[in-house]
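Computed from the coordinates by the stated procedures, all read-outs in this text should not be read as laboratory data. Since the model is a prediction, treat every value here as computed from it, not as a measurement. Note: ideal-geometry Cβ built from the backbone for every residue, glycine included; neighbour counts use all protein chains shown.
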Amino acid sequence: MTSRIVLLGATGYTGARTAEALVARGVHPLLAGRNADKLAALAERLGGLETARADVTDPAGVRALLGPGDVLVTTVGPFLQLGGAAVTAATEAGAVYLDSTGEPPFVRRVFEEFGPRAEATGATLVPALGLDYVPGNLAGALALRQAGDRAHRIAIGYSLQGTSGQAFSRGTMVSAMGVLLERGFAFTGGRLTDETPGRRTWRFQAGNRSRLGLSVGGSEHLTLPALAPSLQEVGVYLDWFGPMTAPASLMSPLMGLAARVPGATEAAQRLAQALGGRVGEGPSEANVATARTVTVAEVRDRDGDLVTRVALDGPEPYGFTAAMLAWGATTAANGGVRATAAAGPVQAFGLDELTTGAADAGLVPA
C-alpha cells in the first residue's frame with residue numbers, strides 16, 4: 001500500500017469507530033483533528049498511530065496532509081457547515097475522498113460543484129459511503145441489473161429495526177435537524193428536480209412487516225440513472241420516523257414555505273446545535289446491540305408492474321458505516337478505485353467488488 005489514509009474527525013463517535021475498523025484491517029491511518037490530547041489518547045489506544053492537528057474549516061491545513069492518490073476519510077459534520085474544506089482539499093490534491101454524510105444537500109453539492117473540479121485534477125469523490133447511502137445504491141444496482149431495459153421506475157426503502165434507547169449519535173441528530181429547511185431533490189421525468197423533503201410516502205415490506213417511508217433526497221438520485229438509461233423515476237424513502245411519518249408528509253408544504261423566510265435555515269441550524277448538546281455523543285449501548293437495517297429496492301416497468309425486488313439485511317448503522325469507510329479506504333489505497341470526479345459507490349468500486357465489500361461489513365441478501 002503506497003497511498004496514505006488520512007482520517008479527519010477521528011475523535012468523534014463515528015470517526016473513532018472508523019479508526020478501529022481501519023486498524024482491524026491492518027492499516028495505520030493518520031489520525032487528524034483539532035484536539036491534540038484526544039488524538040493522542042486514541043492513537044495510543046490503537047497501537048501508536050501517527051496524528052496531526054487539522055482544522056476542518058481550513059482547506060490549506062487539510063490539503064497539507066494529502067498527496068496525489070492519498071485517501072481522505074472524513075466523518076466531520078454537519079457537512080453542510082463543516083464539510084467544504086475537506087472536499088476542497090481532496091479535490092485540489094487529486095486524492096480519493098470518502099465521507100460519512102447523510103445530508104442530501106451536501107451530497108448534491110459534491111456532485112454538482114466539486115465533481116467537475118475533481119475530474120480536472122484526477123480526484124475521486126465518493127460521498128455517503130455508509131448507511132447513507134450504500135445499501136440503497138447496492139440494492140438498486142442489483143435490481144436494475146436484473147431488470148435490464150424494462151426499468152422505468154425504482155423505489156428504495158430504508159428500514160431501521162430493533163432500536164432501543166437513543167438510536168442515533170449526536171452528530172446524526174444535529175445534521176438531520178440542520179437540513180430540515182434546505183432544498184431537497186428527486187429524480188423524476190428523467191431528470192433531477194427540486195422537491196421538498198417528505199413530499200411523498202411509500203409503503204413497502206421489510207422484516208415481514210409493512211413500513212411507511214418518507215421521501216428524502218439520496219445519492220441514489222444522482223447515481224442510479226447512469227446505470228439504467230431507461231430509468232425515469234427514482235424515489236428514496238426512510239421509515240425512521242415511525243408514527244410521525246404521515247404527519248411529517250402532510251407538513252412538508254409548510255416546511256417548504258418556512259424555508260423561504262429570511263434567516264430560517266440558519267435558525268434551524270442553531271436550534272439543532274443547541275438540542276444536540278442535550279443528548280449523548282453516541283447511540284445507546286442497547287441500540288448498538290439490537291438495531292439492524294433492512295433496505296429494499298423495487299423496480300417497475302412503464303405500466304407500473306413489478307419487475308424485480310432486492311432486499312438486503314444489514315447490521316446496526318454506525319458499525320456498518322465504519323466498516324464500509326474502512327473497506328473503501330483500503331481498497332482505494334490499493335488502487336481499487338475505477339472512477340474520477342464525483343461517483344457513487346458502484347461507479348467508484350464496481351458492483352461485484354462493492355457487493356463483496358458490503359458483505360464483509362454485514363450487508364447481505366435478506
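Using alpha carbons only, how many degrees (0 to 90, rounded to 10) separate the axis of helix 134-147 from the longest principal axis of the chain? Result, in degrees: 50. The listed peptides 33-45, 118-130, 296-308, 225-237, ordered by packing as a protection proxy, come out as 118-130, 225-237, 296-308, 33-45 (highest mean of other Cβ atoms within 10 Å first).
Candidates Q166, G328, G84 compared by Cα position along the dipole of the chain: farthest toward the positive end lies Q166, with charges placed on Cβ.
Please compute the alpha carbon radius of gyration of segment 280-366, then divide it by the globular-protein estimate 2.2 N^0.38 Å. Two decimals is fine. Could you put the intermediate results ahead of the total?
On the way: Rg = 15.8 Å, N = 87, 2.2 N^0.38 = 12.0 Å.
Rg over 2.2 N^0.38 Å, computed on Cα atoms: 1.31.
With bins 5 Å wide beginning at 0, the percent of Cα pairs of segment 58-97 falling in each bin runs 6, 29, 36, 20, 7, 1. Just to confirm the number: angle between the C-alpha axis of helix 36-45 and the first principal axis of the chain, 0 to 90 degrees, nearest 10? That helix lies at roughly 90 degrees to the long axis.
Could you check how many percent of all C-alpha pairs in the chain are farther apart than 26 Å? Don't skip to the answer; put the middle values down first.
On the way: 31472 of 66795 pairs.
For the chain, the share of Cα pairs beyond 26 Å comes to 47 percent.
Where a ≥ b ≥ c are the square roots of the eigenvalues of the C-alpha gyration tensor, would you call segment 304-350 rounded, which needs a/c under 1.5, or, failing that, prolate if a/b is larger than b/c, or oblate?
On the way: a/c = 3.12, a/b = 1.37, b/c = 2.29.
In terms of gyration-tensor shape, oblate.
Round to the nearest 10 and give me the degree value, 0 to 90, for the angle of helix 317-333's Cα axis relative to the longest principal axis of the chain. The helix 317-333 is inclined about 60 degrees to the chain. From the Cα gyration tensor of segment 18-107, with a ≥ b ≥ c the square roots of its eigenvalues, which class applies: rounded if a/c is under 1.5, or else prolate if a/b is larger than b/c, or else oblate? Taking the square roots of the gyration eigenvalues as a ≥ b ≥ c, segment 18-107 is prolate. The label-point distance for A64 and D303, in a model that sets each label 7 Å from Cα toward Cβ, rounds to 6.5 nm.
Quick check on the chain: helices-only [θ] at 222 nm, where DSSP H runs of length 4 and up contribute -39,500 (n - 2.57) each and the sum goes over total residues. Nearest 500, please.
On the way: 16 runs with 147 residues, N = 366.
Helix-only estimate at 222 nm: -11500 deg cm²/dmol.
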